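Every number here is computed from the coordinates shown, using simple stated rules; none is lab data. All values derive from a computational prediction rather than experimental measurement. Heads up, the Cβs are rebuilt from the backbone with ideal geometry, glycines too, and the neighbour counts pull from every protein chain shown.
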Amino acid sequence: MKITWLGHASFRMEVADAVLLIDPWLAGNPSFPDDSRAVALAGATHILLTHGHFDHTSEVDAIAKETGATVVGIPELCALFDAGETIEFNKGGTVDLNGAHVSMVQATHSSSVGAGYAGTEAGYMIKGDGHMVYVSGDTDIMADMGWMGEFYQPDIGILCCGGHYTMGMEGAAFAARKYFDFKTIIPCHYKTFPLLAQSAQPLVDALPDVNVLTPEVMDVIDI
């Protein structure tokens, strides 16, 4: 499994025979180097969406047309794009994306495209290559993390932690300790804007027994 942070809440994940682009926001993303676009998108098979906000979906149509990748997410959100093939499913469902088994789970946030309804926010559990990855999406701490951690038993957490719009570093650390048994955590949704936390060091310090990775944008994590 290879995971590449594309800045903000965007990731590239190579797992099984899939290349997943999770909430890909490249053009206009202050964290993403424009000259890395071709590398970030190379071989993409699916675009996995957590919710409708611009910093997660503004490039869906462009990237889908550029790569031919299938858009995957909650039905009301997928219906808003004119990007060709889609796979629509909902919370509790699991889809097989070229051998990567992706289950949609709860999140607590909001979801819209412009002023339009875009379904509800979600997170994902992604199983493949001997790992279970929890992609939190944009969320606060929630009691549902209890059963999610027990049922799916993820060993890797990709957690929003920038504060203001999502849980912050302290909240992400609390959730990780209380609800999960992560071996590895990759923080996201921080550093992008002045309103957000600028360092993940508080998360690192709060979880001394967890491998909290803080890669630079476009660094490839091979797990």
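Of the beta bridges DSSP finds with both residues in segment 122-223, what % are antiparallel, to the nearest 5?
Rounded to the nearest five, the antiparallel share is 35 percent.
So what is the relative contact order for segment 99-223, in percent, with contacts set as C-alpha pairs under 8 Å and at least six apart?
Result for segment 99-223 is 18 percent.
Taking amide hydrogens as modeled 1.01 Å from N in the peptide plane, which residues meet the under 5 Å criterion relative to A9, leaving out close sequence neighbours?
H189
Using a 10 Å Cβ count of at most 15 others and DSSP loop calls, identify the longest part of the chain lacking such GluC sites (Glu not before Pro).
86-215
Whole percent per 10 Å bin, from 0 to the bin with the longest distance: what is P(r) over all C-alpha pairs of segment 82-177?
It works out to 15, 45, 32, 8, 0, in whole percents.
In whole Hz and in residue order, list the ³J(HN,Hα) couplings for segment 140-151 that follow from phi through the Karplus curve 6.51 cos²θ - 1.76 cosθ + 1.60, θ = phi - 60°; x for Gly and Pro.
In residue order, the calculated couplings are 9, 4, 8, 4, 4, 4, x, 6, 4, x, 6, 6 Hz.
For segment 135-192, what size does the Cα cloud have along each of its three principal axes, sorted from largest down, in whole Å?
32, 21, 17
For the pair V39/D222, report the inter-label distance in nm, with labels modelled 7 Å from Cα in the Cβ direction.
In this crude spin-label approximation the distance works out to 1.5 nm.
For the chain, what class follows from the C-alpha gyration tensor (a ≥ b ≥ c being the square roots of its eigenvalues): rounded when a/c is under 1.5, otherwise prolate if a/b is larger than b/c, else oblate? Spell out each step's value before the answer.
Values: a/c = 1.33, a/b = 1.25, b/c = 1.06.
Rounded.
Can you list, largest first and rounded to whole Å, the semi-axes you get for segment 49-100 by taking the square root of 5 times each eigenvalue of its Cα gyration tensor?
Details: eigenvalues 61, 39, 17 Å².
Output for segment 49-100: semi-axes of 17, 14, 9 Å.
Using only the alpha carbons of segment 2-83, determine the length spanned along each of the three principal axes and report them from longest to shortest in whole angstroms.
The Cα atoms of segment 2-83 stretch 31, 30, 19 Å along the principal axes, largest first.
Rounded to the nearest 500, what is the 222 nm mean residue ellipticity of the chain from helices alone, with -39500 (n - 2.57) per DSSP H run of 4+ residues and division by all residues?
Rounded to the nearest 500, the figure is -5000 deg cm²/dmol.
Explain nothing, just compute: Karplus ³J(HN,Hα) = 6.51 cos²θ - 1.76 cosθ + 1.60, θ = phi - 60°, for every residue of segment 52-65 in order, whole Hz, x for Gly and Pro.
x, 4, 4, 7, 10, 10, 5, 10, 4, 4, 4, 6, 4, 6
Please state the shape class of segment 29-140: rounded when a/c is under 1.5, otherwise prolate if a/b exceeds b/c and oblate if not, all from the C-alpha gyration tensor. Before the final figure, lay out the partial values.
On the way: a/c = 1.36, a/b = 1.07, b/c = 1.28.
Cα axes put segment 29-140 in the rounded bin.
Which residues in segment 75-93 place their backbone N less than 20 Å from a point set 7 Å from the Cα of A27 along the Cα-to-Cβ direction?
What the label zone holds, given the 20 Å backbone N cut-off, is 80-85.
Is segment 115-223 rounded, prolate or oblate when judged by the Cα gyration tensor, a ≥ b ≥ c being the square roots of its eigenvalues, rounded requiring a/c under 1.5 and prolate requiring a/b larger than b/c?
Here segment 115-223 falls in the rounded category.
Name the long-range amide H neighbours of A16: under 5 Å, sequence gap of 5 or more, or other chain; modelled H, no Pro or chain starts.
Here the answer is D129, since their amide H atoms fall under 5 Å of that of A16.
Please work out the C-alpha center-to-center distance from segment 1-63 to segment 83-142 and express it in whole Å.
Their Cα centres are 14 Å away from one another.
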